[in-house]
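Right, one structure below, let's go through it.
Just so it is clear, none of the values below were taken in a lab; they were calculated from the coordinates. Just so it is clear, the model here is predicted, and its values are computed rather than measured. Here the Cβ is made from the backbone with ideal geometry for all residues, glycine too, and neighbour counts use every protein chain on show.
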Amino acid sequence: MNDHAAHGHAAHGHAAHQHGGAQAGGLSVSESGYTLELDATILGTGPQTITFRVTGPDGRPVTEFVPEHEKELHFIAVRRDTSGFQHVHPVRDDNGVWTTELTLTPGDWRFFTDIHPAAHPGTLTLGADVAVAGPYDPRPLPEATGVARIGDYAVTLDGELLAGEASELTLTVNRDGNPVTDLEPYLAAFGHLVALRVGDLGYLHVHPEGAPGDGVTAPGPEISFMAVAPSAGTYRLYLDFQHDGTVRTAEFTVRTTAKAIATAPEHADHEQHGHHEQHEQHGHHEDHSHHAHHGHH
Ligand SMILES: [Cu+2]
């Protein structure tokens, strides 16, 4: 689809990135001829082996992918109540069959594959529903506190998430009250952030700013990202970071900040002003695309 094609080109610094980034991904099991085919859509609880393939426009399993963040395929599993988040990297065989392990609890789940097929101009996120049998105990949405605690670690979230506009989110990692300044590179970044829209689990593309070894990005305590919310609402953010050899996930609930962005002008003279603002916004965003581009390498 055009929006994802735009996303792919964004890595090369096109201003069109804004449009791609503002579209939620993962809402469809098939896009641009690529389809996520799970071998089983009813699964049991506990440790489960998941097998699947991504078929291409010719109907055959795809075996050629462009790695993004060192991996050909990023697999996200989350229960529909946004609990149980898992971000794993399945292994592919020569026939295009992927295998991974997940630990599941009863309920309705959504599985996502974030991929860049070699024959496609950009990344795609495909999503599929899975049912896990058993008594479902749906969890209420955690409160938007801005702090996530995982064992000895506390991660704070600063910055505002805006609808339709790129903004910077900064996550700060502390351990036992002290800033962590020796985060370990994990998949060519000091952190990976996945954002999902509450209500439909629309998947957002989030770009890290800076990368390990670029000479300017410190290994903590702060990790920065550029994100665009496709609409006003509530989102769940999941930050994967590695320290002392272990990858941990910090989870946040975030509501978009209300902001006057290019609302329908009531008068023609205002409309022109609106266009002008929008133009500036694109230019501003393009800078960040370049920034993100460097971060990927
Ligand atoms: Cu991944």
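Things to note:
- Among Ile150, Ile42, a tally of other beta-carbon atoms within 10 Å of each Cβ gives an order, fewest to most, of Ile42, Ile150.
- Segment 22-38 - phi-based ³J(HN,Hα) in whole Hz, Karplus 6.51/-1.76/1.60, Gly and Pro as x: 8, 8, 6, x, x, 8, 10, 7, 9, 8, 6, x, 9, 10, 8, 10, 7
- Hz values of 3J(HN,Hα) by residue in segment 46-56 - Karplus curve (6.51, -1.76, 1.60), Gly and Pro given as x: x, x, 9, 9, 10, 10, 6, 9, 10, 8, x
- In a reduced charge model with +1 at each Lys and Arg Cβ and -1 at each Asp and Glu Cβ, segment 43-158 shows a dipole moment near 260 debye about its Cα centre.
- Taking amide H as placed 1.01 Å from N in the peptide plane, Gly210 has its amide H under 5 Å from the amide H of Gly295, each at least 5 places away in sequence or on another chain.
- Over segment 67-107, the ratio between the Cα radius of gyration and 2.2 N^0.38 Å evaluates to 1.33.
- Derived scalar couplings ³J(HN,Hα) [segment 72-85; Karplus, 6.51 cos²θ - 1.76 cosθ + 1.60; whole Hz; x for Gly, Pro]: 6, 8, 10, 10, 10, 10, 8, 6, 4, 8, 6, 8, x, 3
- With the alpha-carbon atoms of segment 91-247 aligned to their principal axes, the span from lowest to highest coordinate is 42, 40, 35 Å, starting with the largest.
- Label point distance in nm, Asp158-His89, each placed 7 Å from Cα along Cα→Cβ: 3.1 nm
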